[in-house]
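See structure below.
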Amino acid sequence: MKKYMFYPALVMVLMLGSCELVEVENPNVKEDRFIGSGNSAVEWTDGMRRQMSLMVASNTEFTELVSDNYFNNYTASSKVFDIPQINFFDQDVANIQAGIHRTMEMCDYGLTKVLPADAGSKPIQRAELLMYKAYAHLLAAELFVGMPATALGEVLSPEAHFNAAIALLNDAQPLFTESNDRLVCALLRARAYYGLGNATQARTEANTAIQNPLLLRQVLYGTTNGPGNGFQANIFTTSGANPFAPLPRLDFLDPKYFNTNPTAALDQKPIAIAKAEEAYLIIAEAMVSSNDLSGARTTLKNMLTECVSKRATTSLSDKAETRNGGNKVYPVTAMKVKFDAASAEKDGYILNRQTGNITAYQVSGTKVTAAEIDAANTQDGLLYLVYLLRQEIFMAEGRRMTDLGIRFPVSEREQLGNKNVTGAHTQAIIPSFIPRNREMDDFEINTASGVVTMKHDMNKILVQNKTAPEVVPFIK
């Protein structure tokens, strides 16, 4: 039987939760008419950009819920990831895995079938597909206990996926002609080496990446062929609803994605998949792990001045945001915060959105100051700031769950069709130090004193457990 494909949406290779391929018949365009056609390489690459956008938005939505960044105030999204409760039979787990698999398979098809058959294909298109496949391997490595990379294949470990990503980025980098694209490859390799706990290589690649201190790679939404940013709808609406609510000490960073055009579909914000801030943070963490505290302080302060302070911001009216009406009463006036019961009170974290416009940080924002960095004179003190900075700077980008050491299991859908999946693969990894019963998102409002107190400071908990195998990869 011939395989058929959607065109120009370019989703010929669809997958269930496993890597098992599904033949999709479309009476309009057959595979043999598309392969080798004059514009097939361009069309396939456009389709891959769309698939990357879909994958990133889905991963961002669900991993932000699992973490302490956001909780589900009222949506049809997961009701259990906030606990966190992660079961291998959960359809959200299956869909996240399927999105990563679909990206891998579509990249493979483009690299082995579409590009070789199109005489007009260019090396830059091959480079782009190699990078996208590498990114899918990165997500498999960071988010799952393990994952097959081929249909019904063996379950590869996170380490194997990290190494696959590095190899693909090595192949992609020389094919790019733009220097920033090559630097993105270096930064993504730094991220992979970081996940492997290889401080030396991670630092080397990160130093290359910060040749451009404003390096930024994003996936796009709302373009001609692009999908909407589904996560944007969960954190910003003009109706006053607040489907996802941030932890109050992160309130000042929300929303990262928003629309100023009354027609939201015409104003969909991109999501970053690589930005220079990560290079600085990797270098600083490597320095902290080797007790070069002076170097780490300098690196973090350089990041604030050379990078974060220069990122785009928008003055945004967010008066429709009421935060309440869902599962939890939320502070809506400017109140002080305590990161936990033992912490000092701090101002400026919770915004009163009714008194005027707020500042929306479109790429990165933080409340950490140079003075706080200078005052950190111990390894634990600086490590705490590194992870607080990681949380604030990567807010709403789907990165926090990995920093917390939590991993999804291989899905039941995969297990039912793949004999290589063992019982161990179907168990999520949730470190013993992670609070349960929704406590990561919990807080207490004292209206009399005007203070909101978080139940847990997860960055403090990370530092206390820095030698645990699931977290802080450079200290073991």
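So which lysines pass the test for LYS122, namely a Cα distance under 19 Å, with those fewer than 8 places away in the same chain ruled out?
Once the sequence-local lysines are set aside, what remains near LYS122 is LYS113, LYS133.
So for the chain, averaging the separation of alpha carbon pairs under 8 Å that are six or more residues apart and normalising by length, what relative contact order in percent results?
Numbers: 944 pairs, mean separation 93.1, N = 476.
Relative contact order comes out at 20 percent.
Using a ≥ b ≥ c from the Cα gyration tensor of the stretch 110-242 (square roots of the eigenvalues), is it rounded, prolate or oblate, where a/c under 1.5 gives rounded and otherwise the larger of a/b and b/c decides, a/b for prolate? Let's see the in-between values first.
Details: a/c = 1.27, a/b = 1.17, b/c = 1.09.
In terms of gyration-tensor shape, rounded.
So what's the angle, to the nearest 10 degrees on a 0 to 90 scale, between helix 276-289 and the longest Cα principal axis of the chain?
Taking the Cα atoms of the chain, the angle to 276-289 is about 60 degrees.
Going by Cα centres, the stretch 381-403 and the stretch 135-186 are how many Å apart?
Answer, in whole Å: 22.
Looking at the calculated P(r) for the stretch 14-464, what percent of the C-alpha pair distances fall above 42 Å?
Every Cα pair in the stretch 14-464 considered, those over 42 Å come to 13 percent.
Suppose every Lys and Arg Cβ carries +1 and every Asp and Glu Cβ carries -1, with no other charges. What dipole size does the stretch 99-257 come out with about its Cα centre, to the nearest 20 debye? Present the calculation step by step, with values, prior to reporting the outcome.
Working: 12 positive and 13 negative charges, 41 e Å.
Computed about the Cα centre, the dipole is about 200 debye.
For the charge dipole of the stretch 14-464, defined by +1 on Lys and Arg C-beta atoms and -1 on Asp and Glu C-beta atoms about the Cα centroid, which residue among SER364, ASN59, LEU462 has the Cα displaced farthest towards the positive pole?
After comparing all options, I get SER364.
If I fit a long axis through the Cα atoms of helix 40-66 and take the longest principal axis of the Cα atoms of the chain, what angle between them do I get, 0 to 90°, rounded to 10?
30 degrees
Between 0 and 90 degrees, rounded to the nearest ten: what's the tilt of helix 293-306 against the longest Cα principal axis of the chain?
70 degrees
With each run of n ≥ 4 DSSP H residues scored as -39500 (n - 2.57), what mean residue ellipticity at 222 nm is computed for the chain after dividing by its residue count and rounding to the nearest 500 deg cm²/dmol? Each step should come with its number before you reach the end.
Values: 15 runs with 187 residues, N = 476.
It lands at -12500 deg cm²/dmol.
Just going by the charge dipole of the stretch 372-432, with Lys and Arg at +1 and Asp and Glu at -1 on Cβ, which of LEU404, LEU382, LEU416 is farthest out on the positive end?
Value computed over the given set: LEU416.
Could you please rank THR422, THR453, placing first whichever residue has the fewest other Cβ atoms within 10 Å of its Cβ? Can you show the working numbers first?
Details: THR422 12, THR453 21.
So the residues, fewest neighbours to most, are THR422, THR453.
Could you size up the charge dipole of the stretch 14-464 around its Cα centre, putting +1 on the beta carbon of Lys and Arg and -1 on that of Asp and Glu, and report it in debye to the nearest 20?
Charge dipole, the stretch 14-464, about its Cα centre: 600 debye, nearest 20.
Toward the positive end of the charge dipole of the chain, about the Cα centre and with charges on Cβ (Lys, Arg +1; Asp, Glu -1), which of GLN91, ALA342, SER78 goes farthest?
ALA342
With r defined as the distance between the Cβ atoms of ALA370 and GLN427 and R0 fixed at 45 Å, what FRET efficiency is calculated, to the nearest 0.05? Please report the intermediate quantities before stating the final value.
Details: r = 43 Å, r/R0 = 0.96.
Efficiency for this residue pair is about 0.55.
In debye to the nearest 20, how big a dipole does the stretch 357-402 give about its Cα centre with +1 on each Lys and Arg Cβ and -1 on each Asp and Glu Cβ? Before the final figure, lay out each step's value.
On the way: 4 positive and 5 negative charges, 40 e Å.
I would put it at about 200 debye.
Past 19 Å, Cα to Cα: identify those pairs from LYS79/LYS328; LYS301/LYS338; LYS301/LYS460, in the order given.
LYS301/LYS338; LYS301/LYS460
Would you please name the GluC sites (Glu not before Pro) within the stretch 286-375 that are DSSP coil residues with at most 16 other C-beta atoms within 10 Å of their C-beta? Write down the numbers at each step before the final one.
Working: sites: GLU306, GLU321, GLU345, GLU372; in loops: GLU321, GLU345.
Here the sparse-neighbourhood loop sites are GLU345.
No lab work stands behind these numbers, since they all come straight from the coordinates. Everything quoted here is computed from the prediction, not taken from an experiment. Cβ sites come from the backbone with ideal geometry, for glycine too, and all protein chains shown count toward neighbours.
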